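The values are calculated or read from the model by the stated rules, or taken from the named source; none is laboratory data. Given the structure is predicted, the values throughout are model-derived calculations rather than measurements. We place every Cβ from the backbone using ideal geometry, glycine too, and count neighbours over all the protein chains shown. Keep in mind that these areas ignore ligands, DNA and RNA; they rest on the heavy atoms of the full protein, side chains included. Shrake-Rupley method; radii C 1.70, N 1.55, O 1.52, S 1.80 Å.
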Amino acid sequence: MGLDFYFAPHSTATITQLVLAELGVEHRAHSIDLRAGGAKTPEFLKINPNAKVPVIVHDGVAIFESAAITMYLGEQFGVAKGLYPAAGPKRGEAMKWIVWTNVTLGEAVYRWAYNTQGWTPKEQCNAAAGEAALAQIQELLAIADGALADRPYLCGEYTLADTHMHSFMDWLRAMKIDFSAHKRLEAWSARCSDRPAWKQVEG
Ligand SMILES: N[C@@H](CCC(=O)N[C@@H](CS)C(=O)NCC(=O)O)C(=O)O
């Protein structure tokens, strides 16, 4: 049956696109037009009732949530390729940063974006909450920066945890979040952007 990948350009699905490019896994890519309601069709809702991309369908099983997809693809294809740790503490370390990206950093980023970036009607926005979230984002970036104090990548060697977090943080840069206080993150980001998979997808 193989692997089907449902994505939209310039969306969270870019994370999965990069993971697939790093792994070189053969797949069928399906572009979903979100503006035209492509994620709300009955066929799509069967594979993701949340009406969001990314989704992969592997051998008939649908998997949504980018963090779950990165960890799943890492486990299935990444260990043999040296891009994801084998089961054990190192894998735990990779999972920690993938989940942290989506849950801990993501929560602050979405709180900031909903309150300040025109994602919701003005009357639902709270400028003070947006400011607080932005301060928290800076604290969280400092945590990631600190994790790189004694190593070039999050788990020592490059893994899909770097692919995942780097792609998410690239979106933060596009949203004009200031990284200037986080020099190690800046240098790590340059290293991650130098990879062939990044150039293939983003270049
Ligand atoms: N937590 C989800 C978030 C996915 C998500 O928010 N996807 C957005 C695109 S960035 C989407 O598909 N939105 C549907 C729409 O705009 O119609 C993940 O990490 O996969």
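Could you compute the net charge surrounding GLU139? Neighbours are other residues with a C-beta less than 14 Å from the C-beta of GLU139; K and R count +1, D and E count -1.
-3
Please work out how much accessible surface ASP150 shows to a 1.4 Å probe, ignoring ligands, DNA and RNA, in Å² rounded to 10. Roll a 1.4 Å probe over it and ASP150 shows about 120 Å². The modelled label-to-label distance between THR120 and ASP4, using points 7 Å beyond Cα along the C-beta direction, is 3.4 nm. Charge dipole (Cα centre; +1 on Lys/Arg Cβ, -1 on Asp/Glu Cβ; no other charges) of the chain amounts to roughly 120 debye. What is the sum of charges around TYR6, taking Lys and Arg as +1, Asp and Glu as -1, for the other residues whose C-beta is under 12 Å from the C-beta of TYR6? Value of the local net charge: 0. In the stretch 149-203, the portion of solvent-accessible area held by carbon and sulfur atoms comes to 50 percent [1.4 Å probe, whole percent, DNA, RNA and ligands not counted].
Tell me, what is the percent relative contact order of the chain, built from C-alpha pairs under 8 Å that lie six or more residues apart? Here the relative contact order equals 21 percent. Residues GLU75, GLU157, sorted by accessible area with the largest first, give GLU157, GLU75 [1.4 Å probe; ligands and nucleic acids excluded]. Rounded to the nearest 500, the helix-only mean residue ellipticity at 222 nm of the chain stands at -15000 deg cm²/dmol, with each DSSP H run of n ≥ 4 adding -39,500 (n - 2.57). Accessible surface for ILE63 stands near 30 Å², nearest 10, in the context of the full protein assembly shown (1.4 Å probe). Computed with a 1.4 Å probe over protein heavy atoms only, the accessible area of TYR72 comes to about 60 Å². Each other residue within a Cβ distance under 15 Å of GLY203 adds +1 if Lys or Arg and -1 if Asp or Glu, for a net charge of -2.
Were the residues from VAL61 through ILE177 laid out at 0.36 nm apart, the gain over their Cα-Cα distance would be 38.1 nm.
Counting Cα-Cα pairs of the stretch 3-78 in 10 Å increments starting at 0 gives whole-percent bin shares of 20, 58, 20, 1. Computed from the C-beta positions of ALA190 and ASN50, the FRET efficiency with R₀ = 22 Å rounds to 0.05. Per the Debye calculation on the stretch 89-195 with a single equal scatterer at every Cα and no solvent contribution, log₁₀ I(q)/I(0) for q = 0.11, 0.22 Å⁻¹ amounts to -0.35, -1.18.
Solvent-accessible area per residue in the chain equals 51 Å², computed with a 1.4 angstrom probe and all protein chains kept. Quotient of the Cα radius of gyration of the stretch 1-153 and 2.2 N^0.38 Å, N being its number of residues: 1.18.
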